[in-house]
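Read through the structure below, which is laid out as structure tokens, and then see the notes.
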Amino acid sequence: MLVFLHLFSLLLLVLLGFYVFVADPRSRANQTFAAFIAFLALWTVKDLIFWNFSFEEGLPSGWWVATSFVISLLMQFALVVFAWVFPGNDSVPKKKAAVLFAPGLILVPAALAGLLWESVRYDGQSFAISLTPLAYAFVVYVYVVFGYGAAVLLGKYRNLKGRQEGQQVGAIIWALLITVVLKTLANIALPYLGDYSLLPYSSTFVLPGVLIYAYAISNFKLFSLQTALDQFRLFPITYKVALSIASVAILSFAIFQIPIVWWAFRDGMDLYAWKKYLVFSVISALVPNLLLVLLIVRSISRPLQRLTVAAVRVTDGEYGTEADLRKSNDEIGLLAQSFNEMSRKMLSDIEELRKLNEQLIRTEKLAALGTLSAGVAHEVNNPLASISSLIQMIERNGGVDESISEKLALIQTQISRIKSVTKDMMDFARARPAARTAVDLNEVINTSLRLAGFDKQFQKLELSTELDPNLPAVLADSDQLQQVFLNLFLNARDAMPSGGRLTVRTVQDGGSVGVTIADTGPGIGKEDLKKVFDPFFTTKSSGKGTGLGLAVCYGIITAHGGSLEPESTSDGTQFTIKLPV
């Protein structure tokens, strides 16, 4: 019965310590609790061996006494460290620790050297021990360390009273009180009176205190159903590895070791039987170990390799690369999900930065060219005006033959064309202040369509309008917007010389108003889409355009705080304008 009680205590301690430690491995409180549990597990193993097997094996009893003293002191050291760091995850005061723990440098070697007892005897039924005065000094020191740790916790409880941290510290103080009473009764009080009946069970007396201890550290959620569900939902990789190792070990023991032991030793424990056992135990150990390696590779190595490959591809510039992993609820699964989201966000951000950079370069080009255009237009217009005046004088005076008159008319036509170019350049460069008022975009569009309708080529187009009647007003210069729309309509006309469909649509999109102008022309090439707003860039044939119209439109829309985006669709070309409400 006693052996099973010790085994149960050991199993419970290991599971509890592992559970609390894995819950937050970086917490000093959880680390110290794990150390405390490790010392308790050693204490339980010591009692398991001593009280159940030492008499039959003829083992001396002195080792049990020495390890009992040493482990009891180490547990108090762990308690004090816990009192220092809990609940704020504080650091350990090194000077205080050095002073408080210094006597252990003398007492621990003394215990290991057997200086704490004169005699100890255990015959399988009764236990007797005779201690030296140094042993009593050792016990007093253990209680001093314990009292110091309890005092630190009590001080923190007074400071944190009324808060959850205070409740946690209070629960731990109760756990210590229960533990010290039971352990003192079993290990000191009754043995001092000559009654050693509870000594074999003393390792189990710490379980109530340890459970309360762990309950408090885990924010009173250790035994809650929600906590169990959360742990199942977020199943850490540590749990998976531990569960895999434990499962493989138990199955290996049940499937291989028990049959091998029975088969090897059924005829006695001679040398040949031991040789059979050792050889086939080594062979049988290969199967579970290979299975364990396979599980670890599948759970850790392969996902990490795929994550590494994806990360390298991202560093090489393949933004948006995702790690193709099976969805899991452990740290690697969350890491893969976060990595994929980060990669997608990076691709989106870089694309946005690219667009902003293109807009910035375009704006700089427009600003530089605006200054140049104003100067060039001014310098060209003056000589052109003089030439035009001279031609008009010659024509008025008469006396020129018909061929010269035709040449003069041709010159006048070319002068008008040059003036048209310089006018576009002046409009492009002129930074006139916008007369902004509340403007109905639908009305501006309708006016622009009426003006464009006077053009015979424009009349050939099939016009489709989808104007939102509830469109809110925008603060803008109606003349400038009319210039933009008229320019876009005439560009659509030029793109469809044989006729086609022009679709104009207005919608409200959140805090902005959108205008879409789409034609069914040949469209614009992907490379040309990046350059349509560059000054003097045009896709029209020679003599059909100056390449300034869209640059002027872009400048007007961006000056209004909006955006102008071209898009080549399967049906033709579409321009989308967005202006803030």
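A Förster radius of 30 Å, combined with the Cβ-Cβ distance separating Q457 from E406, puts the computed FRET efficiency at roughly 0.65. Under a 5 Å amide H cut-off, with hydrogens placed 1.01 Å from N, G521 pairs with T573 among residues at least 5 apart or on other chains. Between A113 and Y192, take the C-beta separation as r, use R0 = 25 Å, and let me know the FRET efficiency to the nearest 0.05. Calculated value: 0.60.
Database remark: amide H of T465 closer than 5 angstrom to the amide H of V504 (H placed geometrically; neighbours at sequence offset of 5 or more, or on other chains; Pro and chain starts carry no H). Packing-based ranking of 516-526, 121-131, 266-276 yields 516-526, 121-131, 266-276, ordered from highest to lowest mean Cβ neighbour count within 10 Å. The modelled label-to-label distance for the pair L529/K355, using points 7 Å beyond Cα in the direction of Cβ, is 1.1 nm.
Between A102 and I245, the contour length at 0.36 nm per residue exceeds the Cα-Cα span by 47.5 nm. Here each label is just a point 7 Å from Cα along the line to Cβ, and for A438 and K419 those points are 4.1 nm apart.
Normalising the Debye intensity of region 234-318 to I(0), with uniform scatterers on Cα atoms only, and taking log10 at q = 0.21 Å⁻¹ returns -0.95.
The label point for T447 and the one for L384, both projected 7 Å from the Cα toward the Cβ, are 2.7 nm apart. With a Cα-only, solvent-free Debye model of region 2-232, what are the log10 I(q)/I(0) values at q = 0.08, 0.09, 0.12 Å⁻¹? Taken in order of the listed q values, log10 I(q)/I(0) reads -0.31, -0.39, -0.69. A convex hull fitted to the Cα coordinates of region 474-536 yields 127 cubic angstrom per residue.
Readers should treat all values here as calculations from the given coordinates under stated rules, not as data from a laboratory. Everything numeric in this text was worked out from a predicted model, so none of it was measured. Note that each Cβ is placed from the backbone with ideal geometry, even for glycine, and that neighbours are counted across all protein chains shown.
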